[in-house]
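K.L.:
Handing you a structure now.
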Amino acid sequence: MANVLAVLEQRGGALKQVSHEVVTAARTVADASGGGVDALVLGPSGIDVSGVGAYGADRVIVVEGDDLRLYQPEAYAAATVAQTQSGDYAAVLMSATAMGKDLAPRVAGRLDCPLAADVTELEWSDGIVVSRPWYSGKAIAKLEIAAAPCVVSVRPNVVNPIERAHDGAAEKAPPADVEVRARTVEIKEPEKARLDVTEAPVVVGGGRGLKEAENFALLEELADALGTAAVGASRAVVDAGWRSHAEQVGQTGKTVSPQLYIAVGISGAIQHLAGMRTSKVIVAINKDGDAPIFKVADYGIVGDLFEVVPRLTQEIKNLRGG
Amino acid sequence: MKIAVCIKRVPDTETRIRIGADGKSIDQSGVKFVLNPYDEIAIEEALQLKEKSGDGEVVAIALGTEESQETIRTALAMGADRGILLQTDVAPVNPVTVAKALAAELDGAGYDLILFGKVSVDDGSQAVGTVVSELLGLPSVSAIGGLETADGKGTAEREIEGGVEVVEFSLPAVLTAEKGLNEPRYPALRGIMMAKKKPLEVKPVEVSDEGITVVELALPAERPEGRIVGEGPDAVPALIEALRTEAKVL
């Protein structure tokens, strides 16, 4: 039997979509092993957790505090460890977001237990079994975790949240007293907020074929037409200073798994493919029909991106408008 | 300022990965190994901090096989003062195991800052630096893209989804470096020559990796073969149709 603790994530007092993914993954493991799911929410007072039960949590534990509004590494780690030690959990699950990538190792370090980070598959087979990308997805490692508890972070976008007839009751727990030596004081947000490449359901990636930085405006317009879309970039254009490294997709950038990845003017170097090959659907637009990107693309258009992209933007606007 | 930089020897990112005969690791023949690219950023930051403070020491520390000496020499060629290899043939799968071996070396050695690359491009756990901070009981900030230090305190910026977190911390501390923190220098010829004479201490360590075992390492499933829907802008309607009706993503 494996009880699972799902650590959820909030921003600005609202639960993020990845929280439902984590609860869904936890439920899958718990069901296979006959265990239960507790969800842990850390944040300011007033977070609406009423939907969490519907994704499979038996119990929702809310640790509230004004100091927990932003991700505070030490306080979050202390609360997660305290909850883990208060129950009989086989696994502590969280999403491999910026927060999860910082919190998971803290919890594993404090508990001195195994950590499997950024997993893309998770199942129960007499123990936790995960798959995770090595070499940024050029290989997939299947791992068996022997110890309980263990800490597992799950890559965003790989679990489809499932709502079910289930009702988790919420209870509140006080935050622990911690010595604070590192304190998050604020989040600076850009004026024009665009989705992060790791979170967006659609990513429009641009490469050297764009010829100069200004031409990324074409991709911005396409992303705007698509709505919930992010703009990504190849290493070549980030190294050239055309785009911010925050947008880089690839082995020395971010790994993305959106519903739709549109590669524009990207030839498809190995290290770029490693970062986007797990996208559900890949479209490639490139003037070189022999470019390696077409080998991983589901749909390709061979042609001049300066003609194809504006047309695509226009057609999508028509579609959305109609 | 006394600064440790923990580094790792990894396959070059342009390497094509092949699975080894055991089905649990990669075939290393013909693979070019390099200093982990994120570790270059950590070394650069350490060197800049030392240069700014006017004195101090930068120590490059690696856990790995004998071959990791080359990786440490690269760090020395960039400008680190000395190196320590914690030598073992065990390549741990659990990042906590790696962190324990490094923490044992770092503990009590009097470092003001301990730097890591935010992630190594081989197993990509993005965990070891942060686990080390917990084992040593030090504050840490991971994946930093900006850093300022003064009077035993620091402020770091870390990129999160759709924003940047600003984190204040006290020294000593552990930091892991993200791209954008700086532009790593290339080792100059003079640095490469000098690196050969810098001290590199080799310490055999016992490493016991427990809790996680590799069942299988496999290449990712091939994507189903796609198709070219057409040439030029006139192919756009066919693409839209395919995305709507076949792929159902629009």
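K.L.:
Within region A:243-264, how many residues are farther than 17 Å from B:Val121 by Cα and either of a type in the set (D, E, K, R) or surrounded by fewer than 21 Cβ atoms within 10 Å (Cβ to Cβ) (or both)?
P.N.:
Residues flagged as farther than 17 Å from B:Val121 by Cα and either of a type in the set (D, E, K, R) or surrounded by fewer than 21 Cβ atoms within 10 Å (Cβ to Cβ) (or both) within region A:243-264 amount to 5.
K.L.:
Take region B:2-44 and flag every residue that is touching a Lys or Arg at 6+ places or on another chain (Cβ under 8 Å), more than 13 Å from chain A (Cβ to nearest Cβ) and surrounded by fewer than 22 Cβ atoms within 10 Å (Cβ to Cβ).
P.N.:
B:Glu44
K.L.:
For region A:32-60, enumerate the residues that are crowded, with 21+ Cβ neighbours inside 10 Å and part of a strand (DSSP E or B).
P.N.:
A:Val37, A:Asp38, A:Ala39, A:Leu40, A:Val41, A:Leu42, A:Gly43, A:Val60
K.L.:
Out of the residues in region B:135-184 that are in contact (Cβ under 8 Å) with a residue 40 or more places away in the chain, part of a strand (DSSP E or B) and over 15 Å from the mean Cα position of the chain (by Cα), state the one that is nearest to the other protein chains (Cβ to nearest Cβ). Walk me through how you get there before you give the answer.
P.N.:
From region B:135-184, those in contact (Cβ under 8 Å) with a residue 40 or more places away in the chain are B:147, B:149, B:171-179, B:181-184; that's our starting set.
Applying the additional criterion that residues be part of a strand (DSSP E or B) yields B:147, B:149, B:173-177.
Pick out the ones that are also over 15 Å from the mean Cα position of the chain (by Cα) and you get B:147, B:149, B:173.
On the way: B:Leu147: 13, B:Thr149: 13, B:Ala173: 7 Å.
Among residues in region B:135-184 that are in contact (Cβ under 8 Å) with a residue 40 or more places away in the chain, part of a strand (DSSP E or B) and over 15 Å from the mean Cα position of the chain (by Cα), the one nearest to the other protein chains (Cβ to nearest Cβ) is B:Ala173.
K.L.:
Among B:Glu225, B:Glu201, which is in a loop (DSSP other than H, G, I, E, B) and either modelled with pLDDT of 95 or more or acidic (Asp, Glu) (or both)?
P.N.:
Just one listed residue meets the conditions, B:Glu225.
K.L.:
Further question on the same structure: Cβ-Cβ below 9 Å, separation at least six or inter-chain, first residue in region A:304-322 and farther than 21 Å from A:Lys211 by Cβ, second among the basic types (Lys, Arg): which pairs?
P.N.:
Listed pairs, sorted by first residue: A:Leu319/B:Arg244.
K.L.:
Another question, then. Residues in region A:64-81 that are over 16 Å from A:Ile187 (Cα atoms), touching a Pro at 6+ places or on another chain (Cβ under 9 Å) and more than 12 Å from every other protein chain (Cβ to nearest Cβ): how many?
P.N.:
The qualifying residues number 4.
K.L.:
Checking B:Ser120 against (1) over 16 Å from the mean Cα position of the chain (by Cα); (2) under 21 Å from B:Ala143 (Cβ atoms): exactly one of these is not met. Which one?
P.N.:
The one condition B:Ser120 does not meet is (1).
K.L.:
Which of the residues belonging to region B:124-134 are crowded, with 24+ Cβ neighbours inside 10 Å and either within 7 Å of chain A (Cβ to nearest Cβ) or of a type outside the set (A, V, I, L, M) (or both)?
P.N.:
Within region B:124-134, B:Ser125, B:Gln126, B:Ala127, B:Gly129, B:Thr130, B:Val131, B:Ser133, B:Glu134 qualify.
K.L.:
Within region B:8-17, identify whether any single residue is touching a helix residue (DSSP H, G or I) at 6+ places or on another chain (Cβ under 7 Å) and under 20 Å from B:Lys196 (Cα atoms), and answer yes or no.
P.N.:
yes
K.L.:
If you don't mind, another one. Quick one: in region B:6-55, which of the residues that are part of a strand (DSSP E or B) and among the β-branched types (Val, Ile, Thr) is farthest from the chain's Cα centre (by Cα)?
P.N.:
B:Ile19
K.L.:
Of all residues in region A:151-185, how many are closer than 30 Å to A:Gly53 by Cβ and within 7 Å of chain B (Cβ to nearest Cβ)?
P.N.:
Total meeting the criteria: 1.
K.L.:
Also, quick follow-up: Just checking, which of B:Val90, B:Val58 is touching a residue at least 24 places away in the same chain (Cβ under 8 Å), over 15 Å from B:Val202 (Cα atoms), part of a strand (DSSP E or B) and over 16 Å from the mean Cα position of the chain (by Cα)?
P.N.:
None of the others qualify; the one that does is B:Val58.
K.L.:
Looking at B:Arg244, B:Arg227, B:Arg190, which one is loosely packed, with under 13 Cβ neighbours inside 10 Å, at the interface with chain A (Cβ under 7 Å from one of its Cβ atoms) and without any contact (Cβ under 8 Å) to a residue 12 or more places away in the chain?
P.N.:
None of the other options fit; the residue is B:Arg227.
K.L.:
Looking only at region A:105-124, which residues are more than 7 Å from every other protein chain (Cβ to nearest Cβ) and touching a residue at least 40 places away in the same chain (Cβ under 8 Å)?
P.N.:
A:Val107, A:Leu111, A:Thr120, A:Leu122, A:Glu123, A:Trp124
K.L.:
Before we move on, is B:Lys100 over 18 Å from the mean Cα position of the chain (by Cα) and either surrounded by 16 or more Cβ atoms within 10 Å (Cβ to Cβ) or in a strand (DSSP E or B) (or both)?
P.N.:
It is false that B:Lys100 is over 18 Å from the mean Cα position of the chain (by Cα) and either surrounded by 16 or more Cβ atoms within 10 Å (Cβ to Cβ) or in a strand (DSSP E or B) (or both).
K.L.:
Just one of the numbered conditions (1) surrounded by fewer than 20 Cβ atoms within 10 Å (Cβ to Cβ); (2) in contact with a Pro (Cβ under 6 Å, 6 or more places away or on another chain); (3) more than 9 Å from chain B (Cβ to nearest Cβ) is not true of A:Glu307; which one?
P.N.:
(3)
K.L.:
Tell me, which strands (runs of 3 or more DSSP E) lie completely within region A:155-239 with 2 or more residues that are modelled with pLDDT of 95 or more and either surrounded by 15 or more Cβ atoms within 10 Å (Cβ to Cβ) or touching a strand residue (DSSP E or B) at 6+ places or on another chain (Cβ under 9 Å) (or both)?
P.N.:
The strands (runs of 3 or more DSSP E) meeting that bar are A:182-188, A:202-206, A:229-233.
The values are calculated or read from the model by the stated rules, or taken from the named source; none is laboratory data. Source: prediction; values computed, not measured. No Cβ is skipped: glycine too gets one built from the backbone with ideal geometry, and neighbour counts run over all protein chains shown.
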